[in-house]
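Quick notes on the structure that follows.
Where a number appears in this text, it was derived from the coordinates with a stated rule and is not lab data. No experiment lies behind these values; they were computed from the predicted model shown. Reconstructed Cβ throughout: ideal geometry from the backbone, glycine too, with neighbour counts over all protein chains shown.
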Amino acid sequence: MKGPKPALRGKRSGTVAALLAASATFSLFLIAGLVWAWSVYYAPGPSARTGEATVVSLPSGSGVSAIAAQLKSAGVIRSTDMFKAAATLTGADRKLRAGEYQVPTKASLRSVLRLLTDGRVVRHYVTIPEGWSSLQAVDILNKEDVLTGTVETPPAEGSLWPDTYEVSRGETRASVIARMQRAMTDNLARLWATRSPATVVRTPEEAVILASVVEKETGLAAERPRVAAVFSNRLRMGVRLESDPTIVYGITHGRPLGRGIRQSELQADTGYNTYLIDGLPPTPIANPGKDAIAAVLNPPRSNDLFFVADGTGGHVFAATYEQHLVNVARWREIERRKAGLPPGATPPAAPGALAPGTAPTDQPLTGEAVITMQPPGTLTPSRPLRPATADPR
């Protein structure tokens, strides 16, 4: 009897049909799921709560779950699970980088992952220019709103290394200052090791003091060595430095004066006025840079003892007092021509100074060259100075 066989074939056919239907249904769900996931991956994300971007800072060592939670809390993504799944499936979970990011408004999940894996972090920089005082450096740090904390006491003058520093959001101002001070200590030690026997300074601290005066006196970077040579020669001969910036520092302690120096200030004993004191000021008057320190530690051979502005931003130098007076007269003539005055007329007072004749006991000085360095041989140094041939090492 062969009758039952057709029934068996019909049963098998039904099973196959059921399996095919189930497979088709699963495939449809799978395709639908993939389409949905694909659309979520590429679809625009949430709008930024304020502005055109959301700032997020991811700490070093954060895992995928912690990053997902932080992004969700910041409103950058809608689902932590979708973020973790996308990061795992794309391999981004092994490439996420710490740092501060600006996520554009409505950034897709794909865009967010690419941003975090490419490491396109926001970088913040703080620049302390050469020759700026510690008070001015603190002002710069206080203006950086990515930094935190307050500076209770300004750092010691001359203790900061002028440079551009990368800072992180949330970093304290005190920690940035500490970095600047470490940089000064390290760089000064390296420069001190390269000093010439011809240098007149005896310690790294003296080098910073003299370099700060050179820095404040120099209008052109190329003149630093020559200005350093002038001051080194004057110290070696026991002649006072007679540097205008030391007058200003004694008045403002690191703030800009904003006007010309007055006659009374030229004669004021502030402890820094090198027209009155012998040798170096008691502390630096600014934070000098590498070139100024190097110039002090390795001054060129020179007989120059004087310099005065030349009207172009630089200076003209002289080895004799007589030549210096000629240069001073030229400077005064330049000032007169700038003011449109006839020869022999008095140049106008510097901005902020009192008008001539209004304060007989406090006459305003009418330009840098009015304050002239004195001839050598008339003053005695307050401390022994090393001869030029002595080896400071």
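Strictly over 21 Å apart at the Cα level, which of Lys143/Lys290; Lys216/Lys338; Lys216/Lys290 would you flag in this model?
Cα-Cα > 21 Å for Lys143/Lys290; Lys216/Lys338; rest within.
In nm, to one decimal, how far is the Ala222 label point from the Asp278 one, both placed 7 Å along Cα→Cβ?
Going by the 7 Å Cα→Cβ label model, 3.8 nm.
Could you calculate the FRET efficiency of Gln102 with Asp81 from 1/(1 + (r/R0)^6), where r is the beta carbon distance between them and R0 is 25 Å, rounded to 0.05?
0.50
Please enumerate, by chain and number, the aspartates and glutamates with C-alpha under 13 Å from the C-alpha of Lys72, excluding those fewer than 8 residues away in the same chain.
Hits, sequence-local ones excluded: Asp81.
Taking 0.36 nm per intervening residue step and subtracting the Cα-Cα distance, what contour gain separates Ser175 from Ala156 on full extension?
The span from Ser175 to Ala156 would gain 5.3 nm if fully extended.
What is the gain in length, in nm to one decimal, between Ala329 and Ala43 on full extension, counting 0.36 nm per residue of separation less the C-alpha to C-alpha distance?
95.4 nm
Write down Rg/Rh for region 53-118, rounded to two decimals, with Rg from the C-alpha atoms and Rh from the Kirkwood relation over Cα pairs.
0.89
Evaluate the distance, in nm, between pseudo-label points positioned 7 Å from the Cα of Ala189 and of Thr90 along their respective Cα→Cβ axes.
4.6 nm
Using label points projected 7 Å from each Cα along Cα→Cβ, tell me how many nm separate Lys72 and Thr203, to one decimal.
Here the answer is 6.1 nm between the modelled labels.
Across region 124-185, how large is the tail of the calculated P(r) beyond 15 Å, expressed as a percent of all Cα pairs?
The calculated P(r) of region 124-185 puts 40 percent of pairs beyond 15 Å.
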